[in-house]
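These notes concern the structure reproduced below.
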There are 2 protein chains.
Amino acid sequence: MAQEIERKFLVDAQAWNSTEKPAGAVFRQGYLVTDPQKTIRVRLTPGKAFLTIKGLTTGVTRPEFEYEIPVTEATELLNRFAVTELSKTRYTLPFAGKIWEVDVFSGTNTGLIVAEIELDSEDEVFALPGWVTLEVTGDARYYNANLALHPYTLWSQDLSS
Amino acid sequence: MAQEIERKFLVDAQAWNSTEKPAGAVFRQGYLVTDPQKTIRVRLTPGKAFLTIKGLTTGVTRPEFEYEIPVTEATELLNRFAVTELSKTRYTLPFAGKIWEVDVFSGTNTGLIVAEIELDSEDEVFALPGWVTLEVTGDARYYNANLALHPYTLWSQDLSS
């Protein structure tokens with residue numbers, strides 16, 4: 001089992017768009033289970049696919065079990081078993097000695113850009129890129145499983161209802 | 001994806017006990033999900049472990065996606081995420097040109113012995129060993145996920161309640 005130690009931030013679209021970056025990779029991901037206690041995800045990326053089981057987040061740490069699976073089977077699993085799905089383009093880029101993953105969401109989550117940094121320990125010190133804004137680590141609304149169920153473009157409707 | 005085509009039979013304990021057989025393998029298996037539409041199972045066997053996703057059974061055919069995973073991770077997945085578990089000893093033995101898998105259940109399913117044969121097509125003809133009794137293919141009570149939830153030794157109590 002891996003222990004993910006991650007912090008998550010919102011990204012300013014204008015600053016991000018004017019940043020030089022590598023090519024992104026389109027991710028299609030669906031959830032077979034979206035319990036808070038247990039998330040089971042199938043992720044399809046260009047040329048690779050993964051089945052991932054994640055447990056409950058404690059602070060910024062989350063247990064994660066990830067297995068690579070054949071791309072064709074990932075498509076079948078998504079089509080047969082996913083209760084909800086989302087898509088996004090992921091950019092992976094270095095900043096100040098660390099790797100940032102920036103997810104530009106599409107579909108019903110268009111408009112949302114989120115950056116994540118994986119840390120070696122919970123108290124590790126790191127530098128923030130200029131395009132990063134508010135920290136949202138631990139904010140359940142930004143969990144990908146929740147974004148698949150309650151997409152970003154519908155949040156204002158959720159609030160007014 | 002594999003398509004499982006299987007038929008399942010009850011086994012007479014006395015006839016089975018007096019049959020010559022190879023050594024059995026103890027299986028510990030737990031279910032992360034037990035929906036009828038979708039079963040997600042972790043199976044721990046001597047030296048190997050598997051994560052398996054099965055869909056809905058149609059006739060004697062069931063879609064199955066199986067991935068080998070590290071034994072240590074299987075134990076962790078069972079301990080963290082299994083909603084229900086069972087254990088059994090599996091015997092694998094040839095009969096009349098086909099392979100039979102005989103599961104002698106233990107724990108709360110003690111007393112139940114079930115034999116399965118995997119077929120190449122739904123209408124394949126095969127011979128029945130002498131220790132086989134009633135066919136239970138498609139009887140949901142004998143699905144392993146259901147035996148984990150509603151163990152065999154409690155069936156009479158379930159009926160009388």
Given charges at Cβ of Lys, Arg, Asp, Glu: chain B dipole, positive-most of B:Gly138, B:Thr61, B:Thr108: B:Thr108
CD proxy at 222 nm, helix term only [per DSSP H run n ≥ 4: -39500 (n - 2.57); per residue of the protein assembly as shown; nearest 500]: -4500 deg cm²/dmol
Percent antiparallel among DSSP beta bridges (both partners in the range B:3-160, rounded to 5): 100 percent
Unit charges on C-beta of K, R, D, E only; dipole of chain A, Debye: 480 debye
For the protein assembly as shown, size of Cβ-based charge dipole, Lys and Arg +1, Asp and Glu -1, in debye: 180 debye
A versus B: buried accessible surface, summed, Å² (probe 1.4 Å, to nearest 100): 1900 Å²
Label point distance in nm, B:Leu93-A:Glu20, each placed 7 Å from Cα along Cα→Cβ: 7.2 nm
Inter-chain shielding of B:65-78 (mean C-beta neighbours from other protein chains, 10 Å cut-off): 3
Backbone N under 15 Å from the A:Asp139 label point (7 Å along Cα→Cβ), restricted to the range A:3-28: A:7-13
For the range B:63-72, Karplus couplings with θ = phi - 60° (6.51, -1.76, 1.60), whole Hz, Gly/Pro x: x, 9, 10, 10, 10, 6, 10, x, 4, 5
Around A:Val83: net Lys/Arg minus Asp/Glu count, Cβ-Cβ under 14 Å: +1
Rounded, prolate or oblate (a/c below 1.5 giving rounded, otherwise prolate when a/b exceeds b/c) for chain B by Cα gyration tensor: rounded
Cα Rg, Dmax, the protein assembly as shown, angstrom units: 24.0, 78
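The values are calculated or read from the model by the stated rules, or taken from the named source; none is laboratory data. What you see is a predicted model, and the numbers here were worked out from it, not measured in a lab. All Cβ positions, glycine included, derive from the backbone under ideal geometry; neighbour counts span all protein chains shown. The area values use the complete protein model at the heavy-atom level, side chains included, leaving out ligands, DNA and RNA. Shrake-Rupley method; radii C 1.70, N 1.55, O 1.52, S 1.80 Å.
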